[in-house]
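See structure below.
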Amino acid sequence: MIDAIICTIGDEILIGQVVDTNSAQLSQALEEAGIHVKRMISIGDNPEEIASVLLEALSRHAIVITTGGLGPTKDDITKAVLGQISGSKGYVTHPGQLEMVHKILAKRGLDALPSNLAQAQVPDSAEVIVNKLGTAPIMVFRDVRGGGTLYALPGVPHEAAGAIPDVMDDILRHQPTESILHRNIMVYGIAESALSERIATWEDALPADMHLAYLPNPLTGIRLRLSVYGGEADGNRRRVEEQMAALKVLLGPLVYADKDSDLETSIGELLKKSGKTLSAAESCTGGEIAHLITSVAGSSAYFLGSVTSYAVSVKEGVLGVPAETIERYGVVSSEVAAAMAEGVRRITGSDYAVSTTGLAGPAGDERNPVGTVWIGVAGPRGVRTVSYCFKNDRKRNIERFAASALNFLRMILLEED
């Protein structure tokens with residue numbers, strides 16, 4: 001099996017100033033092409049360290065991909081190091097990248113400074129893939145000191161992402177690959193440990209060449225990924241589908257998507273299928289549910305609007321929650337969640353409405369511990385509520401409140417479909 005290493009270069013990554021998204025996108029593209037990513041490494045702006053790590057990687061792996069360090073400033077040292085380790089005797093100007101530099105700067109209304117023009121200069125040991133989105137070229141160094149092939153990509157995320165198709169085309173022209181198959185299903189409403197116990201017999205009976213991974217996320221639940229490396233692609237696909245069909249029978253409505261997805265997309269599909277509409281009334285989630293719902297393209301077909309009723313005065317004055325209900329049961333209660341959902345459903349005229357009221361933290365109150373949330377869903381068949389208590393920090397509690405509300409809504413939509 002062809003394998004690869006991804007190296008991100010730059011002090012800004014090591015000190016946590018910049019989050020590395022390039023490696024995730026590269027890894028996904030490589031795996032889909034049948035190339036197994038063995039490691040991801042971050043290296044600071046130190047030429048000796050860069051050279052040492054890359055030479056070691058190239059001696060052991062067929063493909064090494066770097067991102068970062070190709071800009072026009074003095075701290076961008078990657079190109080010089082790559083020239084050194086690849087045996088370059090000097091630099092040449094690549095005409096295609098030089099033309100692109102002039103086009104990009106003209107479009108931005110900027111003068112072409114010497115440092116910009118120098119971006120089109122590359123070690124004479126490099127092949128160039130023109131970067132159509134930026135001034136730094138994509139460089140390819142083959143058989144570096146008798147080892148693997150190195151691809152150097154710019155670190156700017158949209159430029160790195162734009163380079164991936166051309167890089168993958170080049171890799172597939174020069175490297176034999178074999179089948180890698182990943183199949184995902186999405187699960188919500190069960191803890192990872194409980195899920196593991198529930199499917200233990202099924203998992204223990206998996207063929208030796210199949211591997212199951214549990215990938216939890218507070219907003220999306222648990223992604224179960226079944227992988228097969230090597231073998232015949234069509235045959236593997238049939239075998240994996242058989243296993244996944246059996247797994248979905250075991251899990252029932254806990255499965256909300258049979259592909260890599262999220263709760264808000266699943267809810268949108270259910271609402272579009274039934275022709276129903278939705279609104280939201282949020283207190284402790286502060287608009288997070290509305291944000292998630294409207295992040296899905298086409299959500300205007302079913303989402304009518306929301307009220308962020310953070311203050312008691314808004315709960316009473318806008319949503320119509322009775323003051324005596326709040327006084328008797330407290331703001332964080334089943335009764336208030338129900339009244340909020342009914343109120344926003346009445347205001348917007350939606351078929352369904354979801355509400356949240358809770359205590360994200362850092363403190364609870366005399367009635368409820370921190371992390372308590374009440375969720376209401378109002379619909380054609382009345383209103384229902386549910387409560388959860390999570391033991392996380394404020395940010396994570398808000399995420400889990402929102403996701404739990406979406407899942408409670410999803411289960412009701414399935415039941416009433």
### Query
Considering only segment 287-304, how many residues are outside any loop (DSSP other than H, G, I, E, B) and touching a strand residue (DSSP E or B) at 6+ places or on another chain (Cβ under 8 Å)?
7
### Message
Looking for something within 29 Å of residue 62 (Cα to Cα), touching a strand residue (DSSP E or B) at 6+ places or on another chain (Cβ under 6 Å) and not charged (D, E, K, R) - is there at least one such residue anywhere in segment 198-209?
### Response
no
### Message
So if I check each of 134, 162, which one is free of Cβ contacts under 8 Å to residues at least 40 places away in the same chain and in contact with a Pro (Cβ under 6 Å, 6 or more places away or on another chain)?
### Response
134
### Query
Given the residues 343, 376, which is the only one that is of a type outside the set (A, V, I, L, M, F, W, C), outside any helix (DSSP H, G or I) and in the same structural domain as residue 309 (by TED's automatic domain parsing)?
376
### Summary
Among helices (runs of 4 or more DSSP H) completely within segment 1-81, the ones holding 3 or more residues that are polar (S, T, N, Q) are 22-32
#### Entry: Positions within segment 264-282 being within 13 Å of residue 348 (Cβ to Cβ) and out of contact with any Phe, Trp or Tyr (no Cβ under 7 Å at 6 or more places or on another chain), in sequence order
279, 280, 281
### Task
Determine if segment 386-398 includes at least one residue that is at positive phi, touching a residue at least 24 places away in the same chain (Cβ under 8 Å) and over 27 Å from the mean Cα position of the chain (by Cα).
no
### Task
Quick one: in segment 76-109, of everything that is touching a residue at least 40 places away in the same chain (Cβ under 8 Å) and among the aliphatic types (A, V, I, L, M), which residue is surrounded by the most Cβ atoms within 10 Å (Cβ to Cβ)?
82
### Task
Select, from 321, 331, 377, the only residue that is among the aliphatic types (A, V, I, L, M) and within 30 Å of residue 273 (Cα to Cα).
377
### Query
Of all residues in segment 358-385, which are of a type in the set (Val, Ile, Thr), closer than 26 Å to residue 252 by Cβ and free of Cβ contacts under 8 Å to residues at least 60 places away in the same chain?
375, 377, 383, 385
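Report yes if residue 110 is assigned to a loop (DSSP other than H, G, I, E, B) and assigned by TED's automatic domain parsing to the domain that holds residue 70, otherwise no.
yes
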### Task
Give the residue, chosen from 165, 176, 207, 253, that is under 30 Å from residue 403 (Cβ atoms) and either of a type outside the set (Ser, Thr, Tyr) or out of contact with any Leu (no Cβ under 7 Å at 6 or more places or on another chain) (or both).
253
### Summary
Within segment 22-35, residues being within 18 Å of residue 233 (Cα to Cα) and either crowded, with 19+ Cβ neighbours inside 10 Å or not assigned by TED's automatic domain parsing to the domain that holds residue 69 (or both) number 3
### Query
Taking the stated definitions as given, is residue 278 touching a helix residue (DSSP H, G or I) at 6+ places or on another chain (Cβ under 9 Å) and not assigned by TED's automatic domain parsing to the domain that holds residue 343?
no
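The rows are residues; the columns are (1) loosely packed, with under 14 Cβ neighbours inside 10 Å; (2) in a strand (DSSP E or B); (3) of a type outside the set (D, E, K, R).
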{"residue": "235", "(1), (2), (3)": "yes, no, yes"}
{"residue": "266", "(1), (2), (3)": "no, no, yes"}
{"residue": "269", "(1), (2), (3)": "no, no, no"}
{"residue": "285", "(1), (2), (3)": "no, no, yes"}
{"residue": "306", "(1), (2), (3)": "no, yes, yes"}
{"residue": "320", "(1), (2), (3)": "no, no, yes"}
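The values are calculated or read from the model by the stated rules, or taken from the named source; none is laboratory data. Keep in mind it's a predicted model, so treat the numbers as computed, not measured. A quick note on method: Cβ atoms are made from the backbone with ideal geometry, for glycine too, and the neighbour counts reach across all protein chains shown.
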